[in-house]
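The values are calculated or read from the model by the stated rules, or taken from the named source; none is laboratory data. The structure displayed is predicted, hence computed values, not measured ones. All Cβ positions, even for glycine, are placed from backbone atoms using ideal geometry, and neighbour counts span all protein chains on display. Protein only, heavy atoms only, side chains kept; ligands, DNA and RNA dropped before computing areas. Shrake-Rupley method; radii C 1.70, N 1.55, O 1.52, S 1.80 Å.
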Amino acid sequence: MKDKATLEYQGKKFEFPVVEGTEKELAIDIKKLRSTTGMITLDPGYKNTGSCESAITYLDGEKGILRYRGYNIEELAEKADFLEVAYLLIFGELPNKEQLHKFHEDIKHESHVDEEMKKILDAFPKSAHPMGVLSSLTSALIAFNPSSVNITSEKDMYHAIIRIMAKFPVLVAWTMRKQKGLPLDYGDDNLGYVENLHKMMFKRPNKEYVKNKIVIDALDQLLILHADHEQNCSTSTVRITGSSHAGLFVSLSAGISALWGPLHGGANQAVLEMLEAIAADGGDTQKYMNKAKDKNDPFRLMGFGHRVYKNFDPRAKIIKRAADEVLGDLGIEDPILSIAKGLEKVALEDPYFVDRKLYPNVDFYSGIIYRALGIPTEMFTVMFAMGRLPGWIAQWREMRLRGEPIGRPRQVYIGENQRPFVPLNKR
Ligand code: ACO
């Protein structure tokens, strides 16, 4: 017999099934809670709420484990490339040579973006934040491509996925080129997926593009590390938007907006701005640690803490090592890296951070690498979105294929009770 959990309220007992995941995680299935008890659960921020069953990403915040489709992130970051990881996340298995070749060829075939999209981009001021621009462009793609996907057709589904995997890097590159005042360019089908992205971002009008393996490998690894992270804020947004049967592109656009915030993906920009501010202020890390601990000061140590990881974020470990290697290989000495390491050292020994289990997260060191690669600070979260794209697609696809119901939480109303209307002249 399956386990059950019992809820007792006002002398009545109610039983609910206990669900066990493949990694032995337990959950109380409360689908029938309201219909049997008349009550709902209250869980702001969904700290204890599982919104779905998913076979894509496993993470254990206590042990610091992250796996995509069963493969450890450390192994994928070392041995796979971004396109293989994208295929793995979306379709569930690592591709063989033919599958990977076809996936890439299909993507290349769809990598044009309608020229009229340039007019939309043109209308933005140069000062517009790239995340706002990217979200708008992703949404605008619908105007040039059918908005809804027939999810009962595997062919339709595949085609929608290929189209966005192909066009998104172009939008990412154009977003940056617009800000820098560079002509909008296309890639080169002879290049790898990430190399092509890099070329589209950095190719100068009068210079030939020269590949730098250190840069491409670093970028590839960063994209892999950001590719999925189960039901975080932006992914939940993608799933909940798609649950109304809105199309893939708008669901992604909603996810981009959710990612933008400094408590989520926007933290990578916020970290670098914070490190720059500390450097400009004489590099006094202790002063900023004290600010972070002061409950009357809104300052937070950006890049520290995580809703799920209460141990080291495994991605942060890889990125910290990569930051050292990439800066070393490129011969860059960045004082910001020393400030970051100093802050980390102080925080890891400070009871405030130790007691609250606050460790560096994925965003703490990623910005230092992006900066070394010549990517402007305001583009950092756009790079995160580029990496997260396959994860969002995989989660959207899974949600639709499982036929999940529309996402619609309930609430506990705490407002006024019914009262008579007061005419304007009596208020
Ligand atoms: N600096 C100082 N104190 C912090 C920090 C921080 N970065 N993070 C958490 N705390 C403190 C809180 O003040 C709280 O203290 P209290 O118990 O005395 O009230 C305690 O630690 C728990 O923090 P919560 O905010 O309740 O934790 P939650 O899970 O809601 O938030 C979050 C997680 C949003 C990531 C938070 O740690 C934070 O704001 N970090 C900085 C922003 C950041 O780096 N975000 C990127 C996360 S990774 C990603 O999304 C890709």
Restricted to the range 106-121 and to residues being free of Cβ contacts under 8 Å to residues at least 24 places away in the same chain and exposed (fewer than 12 other Cβ atoms within 10 Å of the Cβ), the residue nearest to residue 158 (Cα to Cα) is 115
Only residues that are within 14 Å of the ligand (Cβ to nearest atom), aliphatic (A, V, I, L, M) and surrounded by fewer than 19 Cβ atoms within 10 Å (Cβ to Cβ): list them for the range 309-350, please. 346, 348
Return the residues of the range 187-197 that are under 26 Å from residue 119 (Cβ atoms) and open to solvent by less than 70 Å² (accessible area, probe 1.4 Å); say none if nothing qualifies. 187, 188, 196, 197
Checking 84, 78 in turn, the sole residue that is within 21 Å of residue 219 (Cα to Cα), in a helix (DSSP H, G or I) and open to solvent by less than 60 Å² (accessible area, probe 1.4 Å) turns out to be 84
Quick one: in the range 251-273, of everything that is closer than 11 Å to residue 377 by Cβ and more than 9 Å from the ligand (Cβ to nearest atom), which residue is surrounded by the fewest Cβ atoms within 10 Å (Cβ to Cβ)? 273
Only one residue in 59, 7 is touching a Phe, Trp or Tyr at 6+ places or on another chain (Cβ under 6 Å), open to solvent by less than 100 Å² (accessible area, probe 1.4 Å) and in contact (Cβ under 8 Å) with a residue 24 or more places away in the chain, so which one is that? 7
Open to solvent by 30 Å² or more (accessible area, probe 1.4 Å) and either in contact (Cβ under 8 Å) with a residue 40 or more places away in the chain or more than 17 Å from the chain's Cα centre (by Cα) (or both), is that true of residue 373? no
Within the range 281-300, residues open to solvent by less than 50 Å² (accessible area, probe 1.4 Å), outside any helix (DSSP H, G or I) and near the ligand (Cβ under 10 Å from one of its atoms) come out as 297, 299
Among the residues of the range 378-395, write down those that are under 25 Å from residue 331 (Cα atoms) and either of a type in the set (A, V, I, L, M) or away from the ligand (no atom under 15 Å from the Cβ) (or both). 378, 379, 383
Which one is surrounded by the fewest Cβ atoms within 10 Å (Cβ to Cβ) among residues in the range 351-370 that are within 10 Å of the ligand (Cβ to nearest atom) and assigned to a helix (DSSP H, G or I)? 355
Subset of the range 167-182 [of a type outside the set (D, E, K, R), open to solvent by 10 Å² or more (accessible area, probe 1.4 Å) and part of a helix (DSSP H, G or I)]: 179
Taking the condition closer than 11 Å to residue 250 by Cβ and either open to solvent by less than 10 Å² (accessible area, probe 1.4 Å) or among the hydroxyl-bearing types (Ser, Thr, Tyr) (or both), does residue 137 pass? no
